[in-house]
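Colleague: Got a structure for you, written out below as structure tokens; questions coming shortly.
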Amino acid sequence: MKTLVTGATGFLGSALVRELLKDGRTVKVLSRAEADTRNIDGLDVEVAQGDLRNKKSLRGALADCNVLYHAAAYYSFWDRDKRLIYDINVQGTRNILEASLESGLGKVVYTSTVGCIGLTKDRTPANEDTPFDPSTLRNDYKRSKYQAENIAREFHG
């Protein structure tokens, strides 16, 4: 069974890749041609070049995989051009989930952000079931991840 990991060159994704390898999994990573791969250099992974904005590249990356861990995201609070945040985080999530569905992939694990967990009025610990108020989203990154999470929920059924 082969596992595809998006976001594998980032902090969370590279830690996930290491854990999957420790668990004996065969891992393929999706990486943009210009990505900084230092976090995964030397790891026993197959690299598939692709981009979440290019659905054709995603189909190729998923071709021989049974599981997808989608941990990729564009994280920025400072970019003036907000389109990139939405193109990658929202449309990119839709693209990878559509490609996964088309390929007959068995399992998808989507990684969101703590910013999409509701806050309790009394500040007690929250979880995924805590009611969420979207009006509390104060930046484009959190808004994009909230939209992407809703897309993932649509695909889940």
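Read-outs: derived from the displayed coordinates by stated rules, not from any lab. Quantities reported herein were computed from a predicted structural model and do not represent experimental measurements. Neighbour counts run over all protein chains shown; Cβ positions are idealised from the backbone, glycine included.
Colleague: Considering segment 10-26 alone, what residues qualify as being more than 14 Å from His70 (Cβ to Cβ) and either touching a strand residue (DSSP E or B) at 6+ places or on another chain (Cβ under 8 Å) or assigned to a loop (DSSP other than H, G, I, E, B) (or both)?
Modeller: Hits for segment 10-26 are Leu21, Asp23, Gly24, Arg25, Thr26.
Colleague: Related question: Which members of segment 26-64 meet the condition of being more than 17 Å from the chain's Cα centre (by Cα) and either among the hydrophobic types (A, V, I, L, M, F, W, C) or crowded, with 17+ Cβ neighbours inside 10 Å (or both)?
Modeller: Passing the criteria: Ala33, Leu43, Val45, Ala63.
Colleague: Then there's this: Restricting segment 114-150 to residues that are of a type in the set (Val, Ile, Thr) and assigned to a helix (DSSP H, G or I), which is surrounded by the most Cβ atoms within 10 Å (Cβ to Cβ)?
Modeller: Thr136
Colleague: For segment 96-113, give me each residue that is within 15 Å of Tyr74 (Cα to Cα) and either surrounded by fewer than 18 Cβ atoms within 10 Å (Cβ to Cβ) or not aliphatic (A, V, I, L, M) (or both).
Modeller: If the condition is that a residue be within 15 Å of Tyr74 (Cα to Cα) and either surrounded by fewer than 18 Cβ atoms within 10 Å (Cβ to Cβ) or not aliphatic (A, V, I, L, M) (or both), then Tyr110, Thr111, Ser112, Thr113 are the ones that fit.
Colleague: Thr9 - would you say it is surrounded by 15 or more Cβ atoms within 10 Å (Cβ to Cβ), in contact with a Lys or Arg (Cβ under 9 Å, 6 or more places away or on another chain) and not aliphatic (A, V, I, L, M)?
Modeller: It is true that Thr9 is surrounded by 15 or more Cβ atoms within 10 Å (Cβ to Cβ), in contact with a Lys or Arg (Cβ under 9 Å, 6 or more places away or on another chain) and not aliphatic (A, V, I, L, M).
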